[in-house]
1. Enumerate the whole-percent occupancy of each 20 Å bin, from 0 to the last occupied one, for all C-alpha pair distances of chain A.
2. So if R0 is 30 Å, what FRET efficiency would B:D180 and B:D338 give, r being the distance between their Cβ atoms, rounded to the nearest 0.05?
3. In nm, one decimal, shortest first: how far is the label point of A:R32 (7 Å from Cα along Cα to beta carbon) from the matching points in the other copies?
4. Measuring nothing but label to label, 7 Å from Cα along Cα→Cβ, what are A:R200's distances to the other copies in nm, shortest first?
5. Would you work out what percent of the accessible area of the protein assembly as shown, with all protein chains in place, is carbon or sulfur (probe 1.4 Å)?
6. Under a Cβ-only charge scheme (Lys and Arg +1, Asp and Glu -1), can you give me the dipole magnitude of the protein assembly as shown about the Cα centre, in debye to the nearest 20?
7. From the C-alpha gyration tensor of the range A:36-85, pull out the three semi-axes of the equivalent ellipsoid (sqrt of 5λ each), sorted largest to smallest, in whole Å.
8. Could you work out the local net charge near B:D138, counting Lys and Arg as +1, Asp and Glu as -1, over the other residues with Cβ closer than 15 Å to its Cβ?
2 protein chains.
Amino acid sequence: MCRDWGAVFGVADAADLFEHFERGTYRGREYRYLPDARHGVERGTAILGSAVVRGFPSIPRVLVLDPGIVEFFDGPVTVEEKLNGYNVRVADVRPDEWDDTDRDDPVGPLAFTRSGRVCRYTTEIVREQCDLGAFFADHPDLMVCGELVGPENPYTAHDYDDVDSVAFRVFDLRERATGDPLPVDERRALCETYGFEQVRSFGTDDPRAAVDAVADAIDELDWRGREGVVLASADGERRLKYTTSAVHRSDLAHAFALPFDYGREFLFSRVIREVFQAVERDEAPAETRERARRLGESILLPAVETVRAVDRGEVVGEEHTVRGDPAVLDALLAQFRDQGLDVHVRADRREGDERAVEFVKRASATRDKTAHYLEGGTVDE
Amino acid sequence: MCRDWGAVFGVADAADLFEHFERGTYRGREYRYLPDARHGVERGTAILGSAVVRGFPSIPRVLVLDPGIVEFFDGPVTVEEKLNGYNVRVADVRPDEWDDTDRDDPVGPLAFTRSGRVCRYTTEIVREQCDLGAFFADHPDLMVCGELVGPENPYTAHDYDDVDSVAFRVFDLRERATGDPLPVDERRALCETYGFEQVRSFGTDDPRAAVDAVADAIDELDWRGREGVVLASADGERRLKYTTSAVHRSDLAHAFALPFDYGREFLFSRVIREVFQAVERDEAPAETRERARRLGESILLPAVETVRAVDRGEVVGEEHTVRGDPAVLDALLAQFRDQGLDVHVRADRREGDERAVEFVKRASATRDKTAHYLEGGTVDE
């Protein structure tokens with residue numbers, strides 16, 4: 001670590017910041033990543049030799065569009081779709097940056113997950129789906145930020161009509177060392193130039209008009225079971241998010257399928273989003289009761305199914321399917337096991353040159369606590 | 001403090017234990033109480049001069065009756081109704097115990113809330129409703145433990161068919177200094193002797209038979225909107241509780257009427273109780289969906305009402321009505337204000353010799369956060 005990291009990050013106590021970085025390796029090369037935000041440095045920030053790849057910032061949320069949007073923005077607002085997948089940053093670390101990189105064997109563009117880990121599987125997917133070579137030749141200091149979506153992915157699987165397996169949709173271009181975003185128009189034009197598929201734009205409006213534009217977009221997205229929108233100022237600096245009832249319910253259903261692993265942290269926030277949405281939409285009593293019914297079902301039914309599955313002795317956890325180069329899938333499973341995840345492979349088959357693996361990240365808290373209570377264990381509350 | 005408190009409580013570090021006691025006063029006399037369990041000493045334990053009044057122990061819960069009851073008990077089990085009110089202990093501190101008590105003006109029996117505070121209002125109620133003089137003359141070292149229930153009470157108001165205003169129902173007699181309970185049969189007989197109204201007993205069975213007895217009792221209690229049951233071993237030492245879907249929903253409705261004050265802590269545990277109850281009852285899909293609908297309504301609808309009330313500028317909080325001696329009600333309101341509660345009196349009227357006060361314990365977190373979000377404030381999640 002030869003750089004003045006305190007100056008790089010604008011942090012007085014660089015030593016304390018570094019204590020919170022963890023070590024990872026990619027093809028034998030070591031890097032560091034920050035799994036939680038510290039000292040104002042974003043979660044997911046990674047250091048590879050002298051190269052810094054900043055984490056993607058957390059985007060604040062409003063619970064009411066009016067006056068939420070008007071209070072937050074003082075100029076034109078672009079409304080873009082927020083997709084339900086996992087957040088990925090792609091950066092091209094050069095051989096002269098990563099100290100131990102062989103100049104004759106550059107690592108090439110790498111994909112970082114939200115927490116800052118390099119994911120070999122995601123790296124392969126983005127390299128296949130985007131012409132990263134041309135982009136990074138022209139813009140070596142940018143990072144490509146996007147969502148990896150689709151039914152076959154190892155983190156957050158969700159169906160999209162136009163995605164059979166997995167797809168990458170760009171929603172940001174940022175300076176990788178500072179995290180500063182490009183202006184929205186410039187970003188969308190650059191993505192167009194390099195042929196990157198990007199998130200849908202619902203257009204640009206002044207804040208007052210954006211309130212109605214977002215309400216209409218949310219109606220359509222909710223009806224189609226999609227997640228929501230992200231709003232951005234023209235310079236890309238200010239962002240705000242707002243989500244559909246459909247994703248509140250699908251988050252809850254996902255969490256309550258594994259209640260003792262995810263239930264507690266998800267529950268309250270989603271309920272509160274539903275409450276304010278019902279109020280702002282000035283729903284009639286019957287509409288709010290219908291919202292309540294669907295809320296209750298998204299919480300209770302998946303949890304009941306899981307308790308029954310544990311009672312039958314079945315494996316419970318997050319189920320995923322991934323498809324691709326056999327060696328890459330091996331690397332992915334090894335990576336998960338290195339992270340301490342208890343991965344159970346349900347099916348593993350060849351489909352032509354590809355391999356398809358169905359696996360479960362076993363949810364030990366849900367399995368153990370559910371079994372304990374089913375055996376008559378007591379609770380102190 | 002002249003006693004060897006370490007020996008009294010069986011605690012090595014008596015000094016640390018004492019740091020956690022808080023000071024209270026009753027009619028100018030000082031006492032101490034322990035608002036949270038510490039060093040194995042129950043929450044609510046109070047010290048008045050040399051007298052100790054132990055806190056009421058926390059009772060564990062099972063999420064499934066079978067094998068929960070069979071695993072927990074190894075002899076006869078008495079099933080009694082658990083009422084939805086507030087837990088009160090009544091003890092008679094003698095003049096020679098409370099150092100600064102005037103022997104010519106003994107304080108008489110006092111009622112302690114769950115946290116160990118003497119409540120002047122509750123003290124008056126139990127003195128009116130029970131012949132405490134005869135009881136404590138014969139059993140000075142016992143404490144009478146019961147639930148204060150009914151629609152007009154300042155802590156947990158809930159309707160019971162046979163209670164117009166407020167009533168005291170005894171569920172335990174314990175040694176006040178040690179907390180040791182009397183055997184169940186002896187306790188019920190003593191209550192009978194002194195004319196104390198006590199909680200309903202559903203009878204005594206061996207643990208295997210108690211599973212069905214409790215299931216039947218819960219069906220009836222749920223249908224009547226009541227809380228649940230407490231099971232006890234014959235010696236009174238081992239206790240277990242189990243509750244109805246009706247009270248899970250009413251807890252949630254109460255909590256989500258003030259979501260930012262109570263919502264988070266209540267939500268997860270009640271959902272989990274519903275999940276295991278649905279599984280143990282082996283409900284058909286339509287029954288579980290009905291349970292889910294009612295769960296969703298108990299969460300969402302009260303919260304929507306409260307957000308609307310804040311939007312209209314109304315006072316939100318826990319609403320209570322109390323009735324009684326004007327001076328006692330003044331003391332109650334003063335006691336709440338001393339505790340830092342923001343009490344707003346809605347109505348205050350004479351009804352014959354009595355006074356009836358309707359008041360709200362203002363819920364500042366719910367008011368402030370709701371207003372913040374309605375004004376467009378952001379959330380970081």
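The values are calculated or read from the model by the stated rules, or taken from the named source; none is laboratory data. Note that the structure is predicted; figures quoted are calculated from it, not measured. Don't worry about glycine lacking a Cβ; one is built from the backbone with ideal geometry, like all the others, and counts go over all protein chains shown. Ligands, DNA and RNA are stripped out before the accessible areas are found, and what is left, the full protein with its side chains, is counted by its heavy atoms. Shrake-Rupley method; radii C 1.70, N 1.55, O 1.52, S 1.80 Å.
1. 25, 57, 18, 0
2. 0.40
3. Copy-to-copy label distances for A:R32: 4.9 nm.
4. Relative to the other copies, A:R200 has label-point distances of 5.7 nm.
5. 43 percent
6. For this selection, approximately 260 debye.
7. Semi-axis lengths for the range A:36-85 are 30, 13, 12 Å.
8. Here the count lands on -3.
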